[in-house]
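The block underneath contains the structure these notes are about, expressed in structure tokens.
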Amino acid sequence: MAEPGDRRSFMKKATGLLGLAAAPELALAAREAQTAPPPGLHDVALSVNGTKRTLRIDPRVTLLDALRERLDLTGAKKGCDHGACGACTVLVNGRRVNACLTLAVTCRGKEVLTIEGLAQGDTLHPVQQAFLEDDAFQCGFCTPGQILSAVACIREDRAGSDLEIREAMSGNLCRCGAYPNIVAAVKRARDAQAGRAQAGRK
Amino acid sequence: MKLFTYDAVSSLPAALAARRGTFFAGGTTLVDLMKLEVLTPERLVDIGSLPLTKIEATPARLRIEALARMADVAASHDVLRNYPVVAQALLRSASPQIRNMATIGGNLMQRTRCSYFRSVAEPCNKRVPGSGCGAFEGDNRSHALFGGGPACVATHASDLAVALVALDATLTLTSAKGSRDVPLAEFYLLPGSSPSTENVLAPGELITAVNATGGPRAARSLYVKVRDRASFEFALVSVAAALALEGGMVKDVRLAAGGVGTKPWRLAAAESALRGQPATLAAFEGAAKRSLEGAMPLSGNGFKTSLLERTVVKTLARLGGVS
């Protein structure tokens, strides 16, 4: 998604140091793979968005920090960092969790899905498409977490009435107050997926 | 977060052989409190992948292994049918994300939400014995009516524990020496003068299962939770009730309250007042008055007395099918 000239790539170019530091880190990663980790660090192999990744980490590193700081996947957001806001929601082995309360070291062998892995190439996931169509966000900060939570909510079959959706999405806060449109988007995505499943059976 | 060492174990014997350390599973309490540096364990023993996740909820018997996730227990049709109070308490706890992570054993071991406990800048006898209690004469709107004193008035935070007390549940505690069963109501300790000791768990001992007996009372059970917002919030007052009716009379009843006690609070006086009475609103109102026996309101939580009384009436009325 990083267009030339956007804020993130500007910051990377501007700091420069980051670019310099990246190359030795790659070499280090190759070397690390063949040696046992030094005391206090752990090697964790996991799948992130279908790609096998290996992390050499301190056990204090949360999954959220590992995704954002080590794997350059900044879609999951750090809001409260205490499991209260849901901005960090990702799926681990298909279940929605708070990445900020998950220690990365506990994710050995697990499959992590973040917002970056949800679309199929240029085709958005039905929940992503529904969030666009229903204008289910304003500032967008909570949106990656909302979308992954909504994917799970539909999969859990808890996207029936508005009341049920509101309850099932209660782990995701939106400070802009886009809740009515989020509920609409969850319903739209639910119906789109149900329609697709029905078409598939015909 | 302070530095700690981390070891994952893959079997119960390996967990029980761990000589020192803090057991760790879902992490939803521990990681939160470690970030606040309220808890600073030197070693985590990760038991999160032990195969202790079985859920058995026949009409006769409830047995939930300690590492079953809250979401999985709440989604069990057998739990909902035979022990509805358990499923309801779980579904009204935390958020879907946290319920996917948190375990049943961990839920029962969660720490209080008292803001003095959660802030290292404040005095708290539970966190730092001897440092004093900020809440007793401070901000105590959310604090306990029952079981507290000048040393500590923090409420127990678990909804599940309240539901389980209303089912006379026991815990199976396992150590390297073997297993023992302890009634949940006796598992938790009153703060007394040492609020940092919260339960009877011995060092190295682990909750391995929750057990309860089924029957008509368990099948007619209900959890009602009153809180500051509609969802994802701890209880101001909650009531778990289990009611056995026979010919319009209350044959037997269990009542427990959350959000009001330093541990899940059994409303024994209200239960005795109701046994043998007709299942009418008047009888429920009479019993509810008795639920306040022993209440010691603080400066900021007096509203909880009438809230508790009304929540008891509402819960019994819904269970008894009267209005």
For the cross-link pairs A:77/B:225; B:2/B:263; A:52/A:78; B:126/B:289; B:289/B:314, which exceed 20 Å when the distance is taken from alpha carbon to alpha carbon?
-> A:77/B:225; B:2/B:263; A:52/A:78; B:126/B:289
In nm, spacing of pseudo-spin labels at residue A:157 and residue A:35 (7 Å Cα→C-beta vector) = 5.3
Kirkwood Rh, chain B, all Cα pairs: how many Å?
-> 20.0
Please give, to one decimal in nm, the separation of the simple spin-label points placed at residue A:192 and residue B:22, each 7 Å out from Cα toward the Cβ.
-> 4.3
Within segment B:232-271: Cβ-based charge dipole about Cα centre, in debye rounded to nearest 20 (Lys, Arg +1; Asp, Glu -1) = 120
So, by mean Cβ neighbours within 10 angstrom, what's the order for B:32-44, A:149-161, B:255-267 with the highest one leading?
-> B:255-267, A:149-161, B:32-44
Length-normalised contact order for segment A:126-201 - Cα pairs under 8 Å, 6+ apart - percent | 47
Dipole-positive endmost among B:31, B:12, B:45 within segment B:5-46 (Cβ charges, Cα centre) | B:12
Using the C-alpha gyration tensor of segment A:152-202, what are the square roots of 5 times its eigenvalues, in whole angstrom, with the largest one first?
-> 23, 11, 8
Rg [Å, one decimal], Dmax [Å, integer] - the protein assembly as shown, C-alpha atoms | 24.5, 81
Enter the accessible area per residue of segment B:1-64 (Å², integer; probe 1.4 Å; all protein chains in place).
-> 49
Please list the radius of gyration and Dmax for segment B:5-46, considering alpha-carbon atoms only, with Å as the unit.
-> 10.6, 32
Chain B, accessible surface, carbon-and-sulfur percent (1.4 angstrom probe) = 53
For segment A:126-201, with all protein chains present and a 1.4 Å probe, just round the carbon and sulfur fraction of the accessible area to a whole percent.
-> 51
Segment A:38-114 - percent of accessible surface contributed by carbon and sulfur, probe 1.4 Å = 48
Which whole DSSP H helices in chain B pass both tests: a Cα extent of 24 Å or more along the axis and a mean Kyte-Doolittle value no lower than 0.5?
-> none
10 Å Cβ neighbours from other chains, averaged over peptide B:87-96 | 4
10 Å Cβ neighbours from other chains, averaged over peptide B:22-33 = 4
Run the dipole for chain B about the Cα centre, Lys and Arg Cβ at +1, Asp and Glu Cβ at -1, nothing else charged, and hand back the magnitude in debye, nearest 20.
-> 300
Note: A:89-99 gets an average of partner chain Cβ contacts (10 Å, Cβ to Cβ) equal to 4
Chains A and B: what accessible area do they bury, summed, in square angstrom to the nearest 100, with a 1.4 Å probe?
-> 2300
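The values are calculated or read from the model by the stated rules, or taken from the named source; none is laboratory data. The structure displayed is predicted, hence computed values, not measured ones. Counting neighbours? That spans all protein chains shown, and the Cβs are built from the backbone with ideal geometry, glycine included. Side chains are part of the model used for accessible areas, which takes the heavy atoms of the whole protein and leaves out ligands, DNA and RNA. Shrake-Rupley method; radii C 1.70, N 1.55, O 1.52, S 1.80 Å.
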